[in-house]
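Chemist: Structure in structure tokens, see below.
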Amino acid sequence: MLVKDVMRRQVITVKESTTLKELMRIFQKYPFHHLPVVKEDGTVVGIVALEDILKIFEPFPPYLMEMLRRNPFYTETEPEETNLFKVDLPPEMGVLCVAEDLMNMNVVTIKEDATAMEALSRIRSYNLKTLPVVDEDGRLQGIVNLFDILMGVLKEKGIF
Amino acid sequence: MNIYVFVALILLLGFIIGRLLRRIGLTEVLAYLTAGLIIGPVFGVKAPEHFESLITATTLALVGYMVGLSFSFDFLKKMGRKILIILTVEVLITSFVVWGFVYAVTKNLPLAIILGSLAPATAPAGTVAVFRDLRARGTLTNVAIAIVGLDDAAGIIIYSIGLVWVKMLLGGKASILSSLLHPAWEIFGAIALGGGIGAGLSYITRKVRLSSDHIFVISIAIAVLCWGLAEMIGVSTILACMVLGAMLINLNGHIANHSNKLIDSIMTPIFILFFAAIGMEINFSQFVSIWPVVLMYCAGRSVGKIIGCGMGGVLSKSEPKITRYLGIALLNQAGVAVGLAFLATQQLSGYGLGGIIITLMATTTALFQIISPLGTQYAVKRAGEASASNL
């Protein structure tokens, strides 16, 4: 069974310039919480997840927080949850903050011709929810997740 | 003492004292050192054989590797030229000033060099905690956070160079060729070893499918292997592990990021054991004779940080508030400096310099833990970056 047999081709994507407000509207409207971020030519540049929105509540810019968290001698002084309620955010944040500021740029992808087993292995190894499926040039062709693979396997076995 | 009871005792004591010190705003590193002090010098318990060397090598191999993981190309690009200039100038000036101050009192060049090379590292936790408390926002805060995030790495590099120099001075090698070749081998050999292992690891991890467990086991094994091989061929151990991390993050970012998260999740108990082992080595009987050095080190480090950040700020054409107040905000010292002091103690044990370094660094760390939050607070307020409710 190949990825192209189980993947879904209709995907909601966002651009790097999509604002926080628009992102929240998409999350409100659709049942999934991971959106591929693509360029004009369809190349995948990142993934923005609902959890990534929490980054705006961090008291310092995301790249500085990332730098600190990589320092093994840094320990969080307060639990992350307190940020959500304590940090002051100006109302303009809704349009000033865009997908590019929030997305995870280390995207693990897979090709259409790879096996579903390989896709499952990547999902589990990297602890992912969604795996973007791309062509040779890195352009988005669809997505595949655990549900799609399970559905494919169950159909093949005649259970579903 | 039975090794299992010993380890459990240190972990529990470290945890309990850590909780207490947190309440008064002090770093947990001090708690772990205190746990070692109570078990070792106070109750006279001896660490089991090989405990110290095993825990030091494992901890510093992992720390070096994780610090190296922060050197992704994207990251350095994002960080900007300005921060790189300030960081470089601050680290160099702090080292030189401490070196000068300590030499003026002791006339002991190897001791002055080693203390100078331990001085630049700033503790991230204590500094950032003050920024959070004051809800600091602005360029001074951003530059300070970037620098505390990175100067551990710069500190490790300076330390590696300083240690090579000191060993050379104490070894008494006279020929110019050997005195140049030896440090060059320690440093460039470490870069080649770490780089080679890192490149090999990234190649293999691209070819082989790995689960989280596999990544976890392999990254720990490779970091420790890199340390061991570096020790065997006589190159800088910690620098080799740092280059390994830097190579992996740039050649296989996915595996590197994943391994960073996995290793980070086990660091707390490792740090407790590591700092407790350091605490066990602290010798207070030396304190009476070293207080002038303690004072000069603290004065030199403070002056060096203030002048270094000031000069870095001027050279990078930063805002006046960075030039004036950044150094005062970055006085906190802990973690990596104490860790490197412990490593220096082991590496210089045959040269009669070891014991004093560890007692000195533990004492000065405690002093800076108390003084530095006040400095950070002063800098943030003077720069006008503290939120109104805290003023």
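Chemist: Where in chain A is the longest stretch that carries no trypsin sites (Lys or Arg not before Pro) classed as loop by DSSP and with at most 12 other Cβ atoms within 10 Å? Let's see the in-between values first.
Modeler: Working: sites that count: A:9, A:157.
Answer - A:10-156.
Chemist: Does any residue of region B:206-225 lose at least 50 Å² of accessible area with all protein chains in place compared with its chain alone, and if so which ones (probe 1.4 Å)?
Modeler: Buried on complex formation: B:209.
Chemist: Summarise the partner chain shielding of B:144-152 as one whole number: the mean count of Cβ atoms from other chains within 10 Å of each residue's Cβ. Numbers along the way, then the final one.
Modeler: Details: counts 2, 9, 6, 1, 6, 10, 4, 1, 4.
Mean partner-chain Cβ count within 10 Å for B:144-152: 5.
Chemist: May I pose another question? Placing +1 on the Cβ of each Lys and Arg and -1 on the Cβ of each Asp and Glu in region B:115-245, which of B:139, B:161, B:188 has its Cα farthest towards the positive end of the resulting dipole?
Modeler: Going by the charge dipole, the pick is B:139.
Chemist: I would also like to ask the following. Students often get this wrong, so check it: of A:29/A:157; B:77/B:107; B:77/B:207, which have C-alpha atoms separated by over 31 Å?
Modeler: Numbers: A:29/A:157 33 Å; B:77/B:107 42 Å; B:77/B:207 28 Å.
Violating the 31 Å limit, Cα to Cα: A:29/A:157; B:77/B:107.
Chemist: Now for a separate question. Normalised by the residues of region A:3-156, what does the relative contact order come to in percent, with Cα pairs under 8 Å and at least six apart? Mind dumping the intermediate values first?
Modeler: Working: 215 pairs, mean separation 52.9, N = 154.
Reported relative contact order: 34 percent.
Chemist: Using Cα pairs closer than 8 Å and at least 6 residues apart in sequence, work out the relative contact order for region B:211-332, in percent. Can you show the working numbers first?
Modeler: Values: 62 pairs, mean separation 19.0, N = 122.
Computed value for region B:211-332: 16 percent relative contact order.
Chemist: Accessible area per residue, 1.4 Å probe, Å², for region B:277-391: what's the number? Write down the numbers at each step before the final one.
Modeler: Details: 4320 Å² over 115 residues.
Result: 38 Å² of accessible area for each residue.
Chemist: Continuing with this model, one more query. Can you give me the % of accessible surface on chain A that is carbon or sulfur? Probe 1.4 Å, all protein chains present, nothing else counted. Write out the running numbers ahead of the final one.
Modeler: Details: 4860 of 8900 Å².
For chain A, the apolar C and S fraction of the accessible surface comes to 55 percent.
Chemist: For chain B, what are the DSSP H helices with axial Cα length of 27 Å or more and mean Kyte-Doolittle hydropathy of at least -1.0? Please list the in-between numbers first.
Modeler: On the way: long enough: B:3-23 (30 Å, 1.95); B:73-106 (44 Å, 1.30); B:139-171 (46 Å, 1.56); B:176-207 (46 Å, 0.85); B:212-233 (31 Å, 1.73); B:287-315 (41 Å, 1.36); B:354-382 (40 Å, 0.84).
Span-like helices in chain B: B:3-23, B:73-106, B:139-171, B:176-207, B:212-233, B:287-315, B:354-382.
Chemist: Per the Debye formula with a single identical scatterer at each Cα and no solvent contribution, what log10 I(q)/I(0) holds for region A:82-160 at q = 0.12, 0.14, 0.17, 0.25 Å⁻¹?
Modeler: Taken in order of the listed q values, log10 I(q)/I(0) reads -0.54, -0.65, -0.78, -1.19.
Chemist: Over region B:52-128, give the accessible area per residue in Å² for a 1.4 Å probe, as an integer. The partial results should precede the final answer.
Modeler: Details: 2510 Å² over 77 residues.
About 33 Å² of surface per residue is accessible.
Chemist: If you don't mind, there's one more thing I want to ask. Highest mean first, what order results for B:81-89, B:14-22 on Cβ atoms within 10 Å?
Modeler: Working: B:81-89: 19.4, B:14-22: 17.0.
In descending order of packing, they fall as B:81-89, B:14-22.
Chemist: Another question, then. Which three extents, in whole angstrom, do the alpha-carbon atoms of region A:3-156 cover along their principal axes, largest first?
Modeler: Sorted from largest, the Cα extents of region A:3-156 read 51, 34, 28 Å.
Chemist: Show me you know the interface measure: the accessible area buried between A and B, both chains summed, probe 1.4 Å, in Å² to the nearest 100.
Modeler: Details: alone 10650 and 17530 Å², together 24750 Å².
Accessible area lost upon association: around 3400 Å².
Chemist: Now, a different point. Which ³J(HN,Hα) values in Hz, rounded to whole numbers, follow from the phi angles of region A:38-55 under the Karplus curve 6.51 cos²θ - 1.76 cosθ + 1.60, where θ = phi - 60° and Gly and Pro get x?
Modeler: Listing the rounded values in order: 10, 7, 4, 7, x, 6, 7, 10, x, 9, 10, 10, 4, 4, 5, 4, 4, 4 Hz.
Chemist: Residue by residue through region A:140-156, which ³J(HN,Hα) values in whole Hz follow from phi under the Karplus form 6.51 cos²θ - 1.76 cosθ + 1.60 (θ = phi - 60°), with glycine and proline marked x?
Modeler: 5, 10, x, 9, 9, 9, 4, 4, 4, 5, 4, 4, x, 5, 5, 5, 4
Chemist: How big is the charge dipole of region B:246-347 about its Cα centre, in debye rounded to the nearest 20, if each Lys and Arg gets +1 on its Cβ and each Asp and Glu gets -1 on its Cβ? Kindly include the intermediate steps, with their values, before the conclusion.
Modeler: Details: 6 positive and 3 negative charges, 79 e Å.
Dipole magnitude for region B:246-347 comes out near 380 debye.
Chemist: Another question about this same structure. Which FRET efficiency value, to the nearest 0.05, is calculated for residue A:137 and residue B:1 with the Förster distance at 41 angstrom and r the Cβ-Cβ distance?
Modeler: On the way: r = 63 Å, r/R0 = 1.53.
Using R0 = 41 Å, I get an efficiency of 0.05.
Chemist: Rolling a 1.4 Å sphere over the protein heavy atoms, what is the accessible area per residue of chain A, to the nearest Å²? Mind showing how you got there, number by number?
Modeler: Details: 8900 Å² over 160 residues.
Value for chain A: 56 Å² per residue.
Chemist: Set Lys and Arg Cβ to +1 and Asp and Glu Cβ to -1, take the dipole of the protein assembly as shown about its Cα centre, and tell me which of B:220, B:111, B:322 lies farthest positive.
Modeler: B:322
Chemist: Give, rounded to the nearest 20 debye, the magnitude of the charge dipole that the protein assembly as shown has about its Cα centre when Lys and Arg contribute +1 at Cβ and Asp and Glu contribute -1 at Cβ. Kindly include the intermediate steps, with their values, before the conclusion.
Modeler: Details: 44 positive and 40 negative charges, 127 e Å.
With only Lys, Arg, Asp and Glu charged at Cβ, the dipole is about 600 debye.
Chemist: Could you give the nm distance between label points at residue B:76 and residue A:88, where each point is 7 Å from its Cα heading toward the beta carbon?
Modeler: Rounded to a tenth, the inter-label distance reads 3.9 nm.
Chemist: Using modelled amide H (1.01 Å from N, peptide plane; none on Pro or chain starts), what sits under 5 Å from the amide H of residue A:46, excluding residues fewer than 5 places away?
Modeler: Close amide H contacts, sequence-distant or interchain: A:37.
Chemist: Now a separate question. In region A:3-156, with Lys and Arg counted as +1 and Asp and Glu as -1 at Cβ, which of these residues, A:102, A:38, A:145, has the Cα nearest the positive end of the dipole, that is, farthest along it?
Modeler: Of the candidates, A:145 comes out farthest on the positive side.
Chemist: If you don't mind, another one. At 1.4 Å probe size, with the rest of the protein present, what percent of the exposed accessible area of region B:207-269 is carbon and sulfur atoms? Intermediate values should be presented prior to the final figure.
Modeler: Values: 1790 of 2660 Å².
Of all accessible area on region B:207-269, carbon and sulfur atoms account for 67 percent.
Chemist: Moving on. Could you give the angle, 0 to 90 degrees to the nearest 10, between helix A:20-29's Cα long axis and the longest principal axis of the Cα atoms of chain A?
Modeler: 40 degrees
Chemist: Of B:46/B:167; A:21/B:78; A:15/A:55, which ones are farther than 24 Å apart at the Cα? Could you put the intermediate results ahead of the total?
Modeler: Numbers: B:46/B:167 29 Å; A:21/B:78 26 Å; A:15/A:55 18 Å.
Beyond 24 Å between Cα atoms: B:46/B:167; A:21/B:78.
Chemist: Still on this structure, I have one more. With an 8 Å Cα cut-off and a minimum separation of 6 or more residues, compute the relative contact order for chain B in percent.
Modeler: On the way: 614 pairs, mean separation 114.5, N = 391.
That works out to 29 percent.
Chemist: Sticking with this one: Straight-line reach from residue B:82: which lysines have a Cα under 16 Å away, not including same-chain ones fewer than 8 places off?
Modeler: Cα-Cα hits under 16 Å: B:317, B:321.
Chemist: Output the residues of region B:240-270 meeting this criterion: accessible area (heavy atoms, 1.4 Å probe) in the chain alone minus accessible area with all protein chains in place is 10 Å² or greater.
Modeler: Listed by number, the residues meeting the 10 Å² cut-off are B:254, B:255, B:257, B:258, B:260, B:264.
Chemist: Please identify every one of the trypsin sites (Lys or Arg not before Pro) in region B:181-239 that sits in a loop by DSSP and has no more than 16 other beta carbons within 10 Å of its own beta carbon.
Modeler: In loop regions of region B:181-239 (DSSP not H, G, I, E or B), the sparsely surrounded trypsin sites (Lys or Arg not before Pro) are B:209.
Chemist: Around residue A:134, which amide H atoms from residues at least 5 apart in sequence, or from another chain, sit under 5 Å from its own amide H, with H modelled in the peptide plane?
Modeler: HN-HN under 5 Å from residue A:134: A:110, A:111, A:112, A:141.
Chemist: Hey, any idea what the orientation-averaged projected area of the convex hull of the protein assembly as shown's Cα atoms comes to, in nm²? Let's see the in-between values first.
Modeler: Numbers: hull surface 114.0 nm².
The Cα convex hull of the protein assembly as shown, projected and averaged over all directions, gives 28.5 nm².
Chemist: Consider a paramagnetic label point 7 Å from the Cα of residue A:17 along Cα→Cβ; state which residues of region A:34-54 have an amide N under 11 Å from it.
Modeler: Output list for this probe position: A:40.
Chemist: Hey, got a sec? Which chymotrypsin sites (Phe, Trp or Tyr not before Pro) in region B:189-280 land in a DSSP loop and have at most 11 other Cβ atoms within 10 Å?
Modeler: Numbers: sites: B:203, B:216, B:227, B:271, B:274, B:275; in loops: none.
In loop regions of region B:189-280 (DSSP not H, G, I, E or B), there are no sparsely surrounded chymotrypsin sites (Phe, Trp or Tyr not before Pro).
Chemist: Another question, if that's okay. Please identify every one of the GluC sites (Glu not before Pro) in region B:1-84 that sits in a loop by DSSP and has no more than 15 other beta carbons within 10 Å of its own beta carbon.
Modeler: Numbers: sites: B:28, B:49, B:52; in loops: B:49.
Within region B:1-84, the qualifying GluC sites (Glu not before Pro) (loop, at most 15 other Cβ atoms within 10 Å) are B:49.
The values are calculated or read from the model by the stated rules, or taken from the named source; none is laboratory data. Predicted model, so just to flag it, every value in this text is computed and none were measured. Virtual Cβ from ideal backbone geometry, glycine too; neighbours counted across all protein chains shown. Areas reflect the complete protein model, heavy atoms only, side chains present, ligands, DNA and RNA absent. Shrake-Rupley method; radii C 1.70, N 1.55, O 1.52, S 1.80 Å.
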